[in-house]
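See below for the structure under consideration.
The values are calculated or read from the model by the stated rules, or taken from the named source; none is laboratory data. Nothing here was measured: the structure is a model prediction, and the numbers come from that model. Quick reminder, even Gly has a Cβ in these numbers, built from the backbone with ideal geometry, and neighbours come from all protein chains shown. Ligands, DNA and RNA are excluded from the accessible area calculation, which covers all protein heavy atoms including side chains. Shrake-Rupley method; radii C 1.70, N 1.55, O 1.52, S 1.80 Å.
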Amino acid sequence: MKAQIIFSAAGLALITLYLKFSFPGGFSYEPFLYSQRSREMRREITERRKDLVFLYDILLELKGTGQEEAMKFMEVPQSLTCQDLAHITGLDYIGSGFTKVVVKGTLLNGKSIALKSIHGEGSDVKHCVEQYGDHAGCHRLATYKLQKEIALLQILRHPGIIQLHGQCYVNSAPSDIRVTAMLELGSPLEMIQLLQTPWEERFKVCWELVQLLHYLANSPMGSIVLLDFQPRQFVLVDGSLKVTDMDDASSTEPACRQDADCALTFPAKTFTMSCAETGRCMRSNEKRNLYNAYRFFFTYLLPHAAPPVLQPLLEDIMNMTGDLHVGINETLEAFEDVLNMYKSGMIQSQEHQLHNYTERRGFRMNATDGDFRCWPSYNHQGCLLSVHSVAEAAEFCDSRPLCQNFVVSQQKTWTGRYLTAFTKNALQLVPDEEYSVYVKRWGHSDMQEG
């Protein structure tokens, strides 16, 4: 995936200078001078502004290095601007959180995108106003948070991170919509729905998450932790997992003087990391991400209905990550071993099993829904599974007395396995070069060609 450059180098430099040197000696805003609450707000705004300057400095550095990776960083299509935002139609609310609200909109070319802006009625702004009593300052704090996320999305480039298409900043606009991020549109990650999908699709989500965490542990900013690590922070875009909320990401490892200062505390467990000579908890960010992946994703998605041959490997992964015996590199290798074994077919089916079937190549069945069901299935109204080979499909059908036929298509899943429908009744055959029908010789399969 290629990143979207929103600012030119000159624009970034001007914004960075503005953030560094605006309000010299503190804000001239009168209320800030007379109350403890105002001083606390000024301090918080200063800290968030420093964070933003740090990110813009990284962007300037990446754009100015002239190295090959930096040149790739520049090779991007033109991003969306305020002009595109002005012509968006069909706005529809998607969701909101503590700080931001997300709506869906349609561009002039018909493409749908997500629009993220400040949630003026959200808990973040409301609690801030209760604490500091300053609406303008609280909206400024929230806006810095969104600007931080926009900058991070330009620095961090990975298929597992939501793509930033553009942004719009209008200083004269109401504070809630002064800054708008334009992002690729995804669908919410529904864990209950995922549990009803075949194991292969659930493994895909975990596999893509591990690849993302490996990138975050080795990012251009160093090791990055997702402080608000929840399934709700992720979406599916064309079936692929992506993190969509980055404003709580941090590249700072916790400070320490001794190992006891490096406790990773979770609701059910506490781990102690090592305190490095640099005075930082070594690999704390990486390990926090990994354990959160274990407790929010692996626990629910990996072992359930997994192929028996893979269960020992998956049990090892669960034990390693659940006790943090390994880091993300070892976890990635373990996932690769599972994926390679799954792609290889796992079991050596005997070709002689096919002798029990009559093959009708170039045909498919006119309907398979509701005829024969298995779970989990790609089609909840029937039995649609992925198989490595025709022999594996025959083995599955042989092990189920009600199964009398199966139809192998040329359509493949993400692992290269063939989608195959299993049926029990005689159904009409329809000519189709992309399919082959296999009928049990001893079954009641008086099929007719249509």
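Using heavy atoms of the protein chains and a probe of 1.4 Å, the accessible area assigned to W414 is about 80 Å². Residues whose amide H comes within less than 5 Å of that of L264, counting only those at least five positions distant or on another chain, are F271, T272, M273 (H built at 1.01 Å from N in the peptide plane). When Y438, Y418 are compared by accessible area at a 1.4 angstrom probe, the order from most to least is Y418, Y438. For the range 82-222, the relative contact order is 20 percent, taking Cα pairs closer than 8 Å that sit 6 or more residues apart in sequence and dividing their mean separation by the residue count. Peptide packing: for 124-130, 214-220, the average count of neighbouring Cβ atoms within 10 Å per residue gives the ranking 214-220, 124-130, highest mean first. Each residue of the range 36-51 is assigned a 3J(HN,Hα), and the resulting list reads 5, 4, 5, 5, 5, 5, 4, 5, 5, 5, 4, 5, 5, 5, 4, 4 Hz, derived from the Karplus form 6.51 cos²θ - 1.76 cosθ + 1.60 (θ = phi - 60°), x at Gly and Pro. Protection proxy ranking, highest mean first, for peptides 379-388, 255-264: 379-388, 255-264, where packing is the per-residue count of other beta-carbon atoms within 10 Å, averaged. Placing +1 on each Lys and Arg Cβ and -1 on each Asp and Glu Cβ, with no other charges, gives the range 102-185 a dipole about its Cα centre of roughly 300 debye. How far is the Cα center of the range 107-127 from the Cα center of the range 141-157, in Å? If we compute the Cα centre of each part, the gap is 14 Å. Quick one: Cα centre-to-centre distance for the range 320-346 and the range 191-226, in angstrom? Between the Cα centres of the range 320-346 and the range 191-226 lies a distance of 13 Å.
Residue-wise HN-Hα couplings along the range 328-340, as the Karplus relation 6.51 cos²θ - 1.76 cosθ + 1.60 with θ = phi - 60° gives them from phi, are 6, 5, 5, 5, 4, 4, 5, 5, 4, 4, 5, 4, 5 Hz; Gly and Pro carry x. Within the straight-line cut-off of under 12 Å between alpha carbons, the aspartates and glutamates reachable from K269 are D323, sequence neighbours fewer than 8 places apart in one chain being disregarded.
Backbone phi angles across the range 93-98, fed through the Karplus curve with coefficients 6.51, -1.76 and 1.60 (θ = phi - 60°), yield HN-Hα couplings of 5, 9, x, 8, x, 5 Hz in residue order; Gly and Pro are listed as x.
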